[in-house]
Amino acid sequence: MAGLPWNRLGGLFARYGRRVYPDWALAHLAGFLAPLPEGARVLDLGGGTGVLAEAVRAARPGLEVTVADAAAGMLARVPPGVEAVLARAEALPFPGGAFDAAVVGEALHHFADLEAALAELARVVRAGGRLWVYEFDPRPLAGRLLAFAERALGEPAGFLPPGALAARLTAAGFRVEVEARGFRYLAYGVLSRKASGRSSPSV
Ligand SMILES: C[S@@+](CC[C@H](N)C(=O)[O-])C[C@H]1O[C@@H](n2cnc3c(N)ncnc32)[C@H](O)[C@@H]1O
């Protein structure tokens, strides 16, 4: 197969996508957003129909949220009040430092070029800005099955164990911590180094 037909999956994700996020992950997200000032800009990358964007707005109604995704059929379901931008994660149409924070929910492993996507995240998040990632560990049985199914469907299935993703995020300039529960995990932190190598304070 040539990958999942994202443009036809908008209805499914808009209806059931919330179920992918356990309550502990969304509670963690709310805490992660807490330091952001009112009006701060948050990017939901690979945000699909805006499931995570809605969770961001539920936790912090005063934040400005943008969903960027490569599938117009997913973006068509993004709720009113959230900006929807058709874009590939590997080449984002935003100026450097445009966002105070970025969230990426169950999407990183779908990106064709993780390295390029992480470089773009580090570019569009401002120095000292925050990153929150929700991913799946391919080592436990549930993760192995998920990776097998996605590969069979022609997806990149670029699942990484938490330590490996943390190392990639660190190399991209983020200072991250990991919280894992079963095959689900979060990697979150602060952009501590821009491409120039300059350090900056966190929010
Ligand atoms: C499993 S869905 C997750 C959507 C959303 N984050 C959620 O939690 O419901 C993965 C999303 O990644 C998007 N995607 C895949 N490859 C992409 C890329 N290279 N750039 C941007 N989005 C991409 C798909 O269109 C799809 O909407």
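Laboratory data are not the source of any read-out in this text; all were calculated from the coordinates shown. Quick caveat: nothing in here was measured; it's all calculated off a predicted structure. Heads up, the Cβs are rebuilt from the backbone with ideal geometry, glycines too, and the neighbour counts pull from every protein chain shown.
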>> With more than 9 Å from the ligand (Cβ to nearest atom) and not in a helix (DSSP H, G or I) as the only criterion, which of L26, L36, L12, L4 stands out?
In response: L36
>> What pairs come out if I take residues in region 1-16 that are farther than 12 Å from T49 by Cβ and in contact (Cβ under 8 Å) with a residue 60 or more places away in the chain and pair them with residues that are away from the ligand (no atom under 11 Å from the Cβ) and outside any helix (DSSP H, G or I) whose C-beta lies under 8 Å away, six or more apart or interchain?
In response: M1/L153; M1/G154; A2/G154; G3/L153; G3/G154; L4/L153; L4/G154
> Which of (1) charged (D, E, K, R); (2) within 9 Å of the ligand (Cβ to nearest atom); (3) surrounded by fewer than 20 Cβ atoms within 10 Å (Cβ to Cβ) is the odd one out, the single condition E115 does not satisfy?
Replying inline: (2)
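Listed here are the residues, each with its yes/no results for (1) surrounded by 21 or more Cβ atoms within 10 Å (Cβ to Cβ); (2) more than 16 Å from the ligand (Cβ to nearest atom).
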site	(1), (2)
L121	yes, no
E135	yes, no
R144	no, yes
E150	no, no
L153	no, no
F159	yes, no
T170	no, yes
G173	yes, yes
V178	no, yes
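Just for region 39-62: of the residues that are touching a helix residue (DSSP H, G or I) at 6+ places or on another chain (Cβ under 6 Å) and either of a type outside the set (D, E) or over 12 Å from A102 (Cα atoms) (or both), which one is farthest from the ligand (Cβ to nearest atom)?
Step by step, filter region 39-62, then rank; the result is R60.
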> Taking G128 and the conditions (1) on the phi > 0 side of the Ramachandran plot; (2) of a type outside the set (F, W, Y); (3) under 16 Å from the mean Cα position of the chain (by Cα), which numbered condition does it fall short on, given that it satisfies the others?
Replying inline: (3)
>> Of the conditions (1) crowded, with 17+ Cβ neighbours inside 10 Å; (2) over 13 Å from G39 (Cα atoms), R60 satisfies every one except a single condition; which number is it?
In response: (2)
>> If I filter region 104-122 for residues that are under 15 Å from the mean Cα position of the chain (by Cα) and more than 21 Å from A171 (Cβ to Cβ), do I get at least one hit?
In response: yes
> Inside region 46-102, can you point out the residues that are out of contact with any strand residue (DSSP E or B) (no Cβ under 8 Å at 6 or more places or on another chain) and in a helix (DSSP H, G or I)?
Replying inline: E54, A55, A58, A59, G73, M74
